[in-house]
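Encoded as structure tokens, the structure appears first; notes follow it.
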Amino acid sequence: KNEVEQSPQNLTAQEGEFITINCSYSVGISALHWLQQHPGGGIVSLFMLSSGKKKHGRLIATINIQEKHSSLHITASHPRDSAVYICSLETSGSRLTFGEGTQLTVNP
Amino acid sequence: GAVVSQHPSWVICKSGTSVKIECRSLDFQATTMFWYRQFPKQSLMLMATSNEGSKATYEQGVEKDKFLINHASLTLSTLTVTSAHPEDSSFYICSAPSSGSLSYEQYFGPGTRLTVT
């Protein structure tokens, strides 16, 4: 079993829909990161969480440390949100372990 | 925000040659940098942790003599793929936490796409 699992693997939505991507993990972590990877390959760090909830624009990330679960929400989705979203676990020494990613496609 | 650059952004080389990829932190010092590899349709895999002024730490299964890492300054780490083979063709990405402490934000380079012919 992988240390970190994301669902769904693929997600297609219509513009304006509310989107949720889930991440479950099985190890102790110092933080959890949500990353966005665009088709060209570049990676942007969206959130770093160790507890609670963070919001940035239309993006919201939550984490429940006891349940070892995190969610990434996108409100009022837009085609430009189309990307791969990756949940990654930070363990010792800032090392990251990555989920398989969720391919999000938002259609106009 | 902090910026990490990589050079080159893409490279094509012949089998048997060596290729050097640079990773620079442009506006912060990085005592630690990480090198990842990503094959098509797969997630990133950590290859090694680059430590300024000391030897890199390689993940299990990564050949340290094939993937040479040098972190000679607080803003530059290099990854050299030696005697490259077609199976080394991949997308190589580096990242650096904004400080050497735990739980600091990670900044990723734009990646280097290597094709070995």
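The values are calculated or read from the model by the stated rules, or taken from the named source; none is laboratory data. Just so you know, these numbers come straight off a predicted model, no measurement behind them. Backbone-built Cβ (ideal geometry, glycine too); neighbour counts: all protein chains shown.
What the table shows:
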quantity	calculated
Within the range B:1-75, strands (runs of 3 or more DSSP E) holding 2 or more residues that are modelled with pLDDT of 90 or more and under 15 Å from B:Y107 (Cα atoms)	B:4-7, B:19-25, B:32-38, B:45-51
Subset of the range A:32-53 (residues that are facing chain B (nearest Cβ under 7 Å), free of Cβ contacts under 8 Å to residues at least 40 places away in the same chain and assigned to a strand (DSSP E or B))	A:S45
Subset of the range A:1-31 (residues that are farther than 12 Å from A:G101 by Cβ and either without any contact (Cβ under 8 Å) to a residue 24 or more places away in the chain or among the hydroxyl-bearing types (S, T, Y) (or both))	A:T12, A:T20, A:S24, A:Y25, A:S26, A:S30
Test set (1) assigned to a loop (DSSP other than H, G, I, E, B); (2) more than 20 Å from B:Q106 (Cα to Cα) - A:G28 fails condition number	(2)
In the range B:76-87, residue farthest from B:S15 (Cα to Cα) [restricted to those that are not in a loop (DSSP other than H, G, I, E, B) and not β-branched (V, I, T)]	B:L76
Any hit, the range A:75-90, residues being in a strand (DSSP E or B), buried (at least 19 other Cβ atoms within 10 Å of the Cβ) and more than 14 Å from chain B (Cβ to nearest Cβ)	no
Residue selected from the range B:88-108 under the condition at pLDDT 95 or above and not in a strand (DSSP E or B), by the criterion farthest from the other protein chains (Cβ to nearest Cβ)	B:D88
Some residue of the range A:19-27 being of a type in the set (V, I, T), touching a Ser or Thr at 6+ places or on another chain (Cβ under 9 Å), modelled with pLDDT of 95 or more and within 20 Å of B:L44 (Cβ to Cβ)	yes
Any hit, the range A:32-46, residues being over 24 Å from B:I93 (Cβ atoms) and more than 13 Å from the chain's Cα centre (by Cα)	no
